[in-house]
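Participant: Mind looking over this structure? Questions follow.
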Amino acid sequence: MKKWIVPILIILLLGIYGVNVNNAAVDLNEDVKEAWGNVQTSYQRRNDLIGNLVNTVKGAADFEKSTLEAVVKARAEATKPEININNADDLSPEKLEQFNKAQSGLSSALSRLLLVVEKYPDLKTNQNFLKLQDELTSTENTIQTARTRYNEAIKPYNKYVKKAPRSFIAGIIGYSEKPYYDSDPGADKPVNVDFSN
């Protein structure tokens, strides 16, 4: 009987350690899920505002249809179900890159729309348009904050599940490293500013 006490105690201690690792990983993973939900909510708000902005701009006579179509197409691309990552557990570097690329395309199309608007003085003085433009700017700031907070939530989670001996137990339980939200593609290149016009 005495020879079984030591192995039983070791198994019991390993079990308790495994439960503690799991519970801490669950807490950190929930923080990541919350942060990712905030990123998704911010992008959803932007998508809703873009719809209203496009409808307001459509009312402007002779507005360039190709620019509006590009925004509508980019918005549709960014909201495709296979691109949206609704669950933080499904995050992978590939999925996050695809999501980021679609959102970047939408940002680019939206920037072109706002540049073209400069040619239309009536539209620039439209109160609905001005209000939407202000809300969109505020939402872009919110998106940046949400992305930063997501990365802040990822760091302690990744550190926790990657350090030994927890990494072994976390891997068995199913917890693995999650990707950080990187900058938009091309953000590392200098901006070409041309004042020749």
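The values are calculated or read from the model by the stated rules, or taken from the named source; none is laboratory data. This is a predicted model, so every value here is computed, not measured. All Cβ positions, even for glycine, are placed from backbone atoms using ideal geometry, and neighbour counts span all protein chains on display. Side chains are part of the model used for accessible areas, which takes the heavy atoms of the whole protein and leaves out ligands, DNA and RNA. Shrake-Rupley method; radii C 1.70, N 1.55, O 1.52, S 1.80 Å.
Participant: Go through the stretch 100-142 and give me each residue that's more than 20 Å from Arg45 (Cβ to Cβ), among the hydroxyl-bearing types (Ser, Thr, Tyr) and touching a residue at least 40 places away in the same chain (Cβ under 8 Å).
Facilitator: Tyr120, the sole residue that qualifies.
Listed here are the residues, each with its yes/no results for (1) of a type in the set (Lys, Arg); (2) under 30 Å from Ile172 (Cβ atoms); (3) in a helix (DSSP H, G or I).
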| site | (1), (2), (3) |
| --- | --- |
| Leu12 | no, yes, yes |
| Val19 | no, yes, yes |
| Asn29 | no, yes, yes |
| Glu34 | no, yes, yes |
| Tyr43 | no, no, yes |
| Ile50 | no, no, yes |
| Pro81 | no, no, no |
| Lys95 | yes, yes, yes |
| Gln103 | no, no, yes |
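Participant: Assigned to a helix (DSSP H, G or I), open to solvent by less than 50 Å² (accessible area, probe 1.4 Å) and at pLDDT below 80: which single residue out of Val161, Val116 fits that description?
Facilitator: Val116
Participant: Starting from the stretch 35-51, take each residue that is within 20 Å of Arg112 (Cβ to Cβ) and list its partners that are of a type in the set (Val, Ile, Thr), counting only C-beta distances under 7 angstrom and pairs at least six apart or across chains.
Facilitator: These pairs meet every condition: Tyr43/Ile143; Arg46/Thr139; Arg46/Ile143; Asn47/Thr79; Leu49/Thr139; Ile50/Val71.
Participant: So which residues in the stretch 71-85 are open to solvent by less than 30 Å² (accessible area, probe 1.4 Å) and either modelled with pLDDT of 75 or more or within 22 Å of Asn128 (Cα to Cα) (or both)?
Facilitator: The answer is Val71, Ala74, Ala78.
Participant: Any idea how many residues of the stretch 30-42 are open to solvent by 10 Å² or more (accessible area, probe 1.4 Å), of a type outside the set (Gly, Ala, Ser) and out of contact with any Lys or Arg (no Cβ under 8 Å at 6 or more places or on another chain)?
Facilitator: Of the residues in that region, 6 qualify.
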